[in-house]
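Undergrad: Okay, here's the structure, questions in a sec.
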Amino acid sequence: MSVLAENLSALNERIERACARSGRTPGDVRILAVSKNHPAETVAEAVGLGLTLFGENRIQEAKAKIPLCPGRARWHFIGHLQSNKARDAVSLFDMVQGVDSLELAAELEKQAGKQARTVPILLEVNVAGESSKFGWNPEALLAALEPLNALRKLEIHGLMTVAPYATDPEKVRAVFRKLREVRDRCADRLGAPLPVLSMGMSGDLEVAIEEGSTMVRVGTALFGARPRAAGRESAG
Ligand SMILES: *Cc1c(COP(=O)(O)O)cnc(C)c1O
């Protein structure tokens, strides 16, 4: 078995165990394979193992890589997106996770119109209020829901968050729980379900699943350490 195949099987076991502990079904937790800083060949190998969803956080890297990858791969943008890159994001990605401002949402709406498509999005919440991170403050998000929902070419599928780094994942359980609560309030306010909760990464995915994650974004646990320094993780 290749290293990637072994890692995937270990990841699936982690997901299954977390689901078993929390009475959930593994099929309800999707794996978004975070391929940033890894080459197209790695993506091709992952597609060969049955992975279909991939995440990238830089437009420039995605633009070079995606055309070299198998057409079956589906792509989510997972970083902070600058409005001036909305056009590329709409043409390259199936979903934009991490919509963190009305300005960006309006630009995505405009580009979606130009490219005659609708764009599924997730709204990024900065649950812990870290100054180093992008994302809505929960109360600000509730206040912005109406104008966001008025953008007819954007489909709000749910919320995403990047938890603070913690050596003990139990320390960030409250962050994941809060994201779920914010999601429930947003869904109430919109009168529509927001089924996707994108939360949990290599180090904390069990806790995220126990708190309701429907999509874990996994880089290191699948592909190993990233080949070159990622710099600012959330740069678009
Ligand atoms: C890099 C990245 C991940 C993956 O992190 P790992 O710890 O390598 O699993 C997940 N989400 C976002 C937004 C990222 O930028």
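Undergrad: Tell me which helices (runs of 4 or more DSSP H) are completely within segment 52-144 and hold 1 or more residues being touching a helix residue (DSSP H, G or I) at 6+ places or on another chain (Cβ under 6 Å), farther than 29 Å from K171 by Cβ and among the acidic types (D, E), or say none if there are none. I'd like the intermediate steps shown before the answer.
TA: Working: elements: 59-65, 86-92, 102-114.
The helices (runs of 4 or more DSSP H) meeting that bar are 86-92, 102-114.
Undergrad: Residues of segment 16-52 being in contact with a strand residue (DSSP E or B) (Cβ under 8 Å, 6 or more places away or on another chain), in contact (Cβ under 8 Å) with a residue 40 or more places away in the chain and within 20 Å of K65 (Cα to Cα), which ones?
TA: Start the filter on segment 16-52 by keeping residues that are in contact with a strand residue (DSSP E or B) (Cβ under 8 Å, 6 or more places away or on another chain), which leaves 29-36, 43, 46, 51-52.
Restricting the remaining residues to those that are in contact (Cβ under 8 Å) with a residue 40 or more places away in the chain gives 29-36, 46, 51.
Those that are in contact with a strand residue (DSSP E or B) (Cβ under 8 Å, 6 or more places away or on another chain), in contact (Cβ under 8 Å) with a residue 40 or more places away in the chain and within 20 Å of K65 (Cα to Cα): I31, L32, A33, V34, S35, K36, A46, L51.
Undergrad: Of the residues that sit in segment 205-226 and are of a type in the set (G, A, S) and assigned to a helix (DSSP H, G or I), which one is surrounded by the most Cβ atoms within 10 Å (Cβ to Cβ)?
TA: If we filter segment 205-226 for residues that are of a type in the set (G, A, S), which is where we start, we get 208, 212-213, 219, 221, 224-225.
Right, trim to assigned to a helix (DSSP H, G or I) and you get 208, 221.
Details: A208: 30, A221: 19.
Applying the filter and picking the extreme gives A208.
Undergrad: Among the residues of segment 36-69, write down those that are small (G, A, S) and under 24 Å from G212 (Cα atoms). Spell out the reasoning first.
TA: Initial filter on segment 36-69 (small (G, A, S)): 40, 44, 46, 48, 50, 55, 62, 64.
Those that are small (G, A, S) and under 24 Å from G212 (Cα atoms): G50, G55.
Undergrad: Considering only segment 202-209, I want to know if a residue exists there that is within 11 Å of the ligand (Cβ to nearest atom), on the phi > 0 side of the Ramachandran plot and in contact (Cβ under 8 Å) with a residue 60 or more places away in the chain.
TA: Looking for residues that are within 11 Å of the ligand (Cβ to nearest atom), on the phi > 0 side of the Ramachandran plot and in contact (Cβ under 8 Å) with a residue 60 or more places away in the chain, one finds none in segment 202-209, hence no.
Undergrad: Right, something else. Please work out which residue is farthest from V96 (Cα to Cα), limiting yourself to segment 13-47 and to residues that are among the polar types (S, T, N, Q) and buried (at least 19 other Cβ atoms within 10 Å of the Cβ).
TA: Of the residues in segment 13-47, the ones among the polar types (S, T, N, Q) are 22, 25, 35, 37, 42.
From what is left, the residues that are buried (at least 19 other Cβ atoms within 10 Å of the Cβ) are 35, 37, 42.
Numbers: S35: 15, N37: 19, T42: 22 Å.
The selected residue is T42.
Undergrad: Something else: Would you check which residues across segment 154-171 are under 19 Å from T214 (Cβ atoms), within 17 Å of the chain's Cα centre (by Cα) and either of a type in the set (K, R) or within 14 Å of the ligand (Cβ to nearest atom) (or both) and list them?
TA: L159, M160, T161, V162, A163
Undergrad: Which of the numbered conditions does H157 fail, given that it passes all the others? Conditions: (1) buried (at least 18 other Cβ atoms within 10 Å of the Cβ); (2) touching a Pro at 6+ places or on another chain (Cβ under 8 Å); (3) assigned to a loop (DSSP other than H, G, I, E, B); (4) not β-branched (V, I, T).
TA: (3)
Undergrad: Now for a separate question. Evaluate the following for N57: is it polar (S, T, N, Q), within 16 Å of the ligand (Cβ to nearest atom), touching a residue at least 12 places away in the same chain (Cβ under 8 Å) and buried (at least 22 other Cβ atoms within 10 Å of the Cβ)?
TA: Details: polar (S, T, N, Q): yes; within 16 Å of the ligand (Cβ to nearest atom): yes; touching a residue at least 12 places away in the same chain (Cβ under 8 Å): yes; buried (at least 22 other Cβ atoms within 10 Å of the Cβ): yes.
For N57, the condition - polar (S, T, N, Q), within 16 Å of the ligand (Cβ to nearest atom), touching a residue at least 12 places away in the same chain (Cβ under 8 Å) and buried (at least 22 other Cβ atoms within 10 Å of the Cβ) - is met.
Undergrad: Right, something else. Restricting the search to segment 1-15, which residues are farther than 18 Å from G203 by Cβ, without any contact (Cβ under 8 Å) to a residue 40 or more places away in the chain and in a helix (DSSP H, G or I)?
TA: Once the filter is applied, which keeps residues that are farther than 18 Å from G203 by Cβ, without any contact (Cβ under 8 Å) to a residue 40 or more places away in the chain and in a helix (DSSP H, G or I), segment 1-15 yields E6, S9.
Undergrad: Which condition breaks for A192 when tested against (1) modelled with pLDDT of 95 or more; (2) in contact with a strand residue (DSSP E or B) (Cβ under 9 Å, 6 or more places away or on another chain)?
TA: (1)
Undergrad: Only one of (1) more than 19 Å from V34 (Cα to Cα); (2) crowded, with 23+ Cβ neighbours inside 10 Å is not met by V96, so which one is it?
TA: So the condition that V96 fails would be (1).
Undergrad: For segment 74-121, give me each residue that is among the β-branched types (V, I, T), within 16 Å of the ligand (Cβ to nearest atom) and within 18 Å of K63 (Cβ to Cβ).
TA: Applying the first criterion (among the β-branched types (V, I, T)) to segment 74-121 yields 78, 90, 96, 99, 118-119, 121.
Next, from what is left, pick out any that are within 16 Å of the ligand (Cβ to nearest atom): 78, 96, 99, 121.
Passing the criteria: I78, V96.
The values are calculated or read from the model by the stated rules, or taken from the named source; none is laboratory data. Here the structure is a predicted model, which means the values were calculated and not measured. All Cβ positions, even for glycine, are placed from backbone atoms using ideal geometry, and neighbour counts span all protein chains on display.
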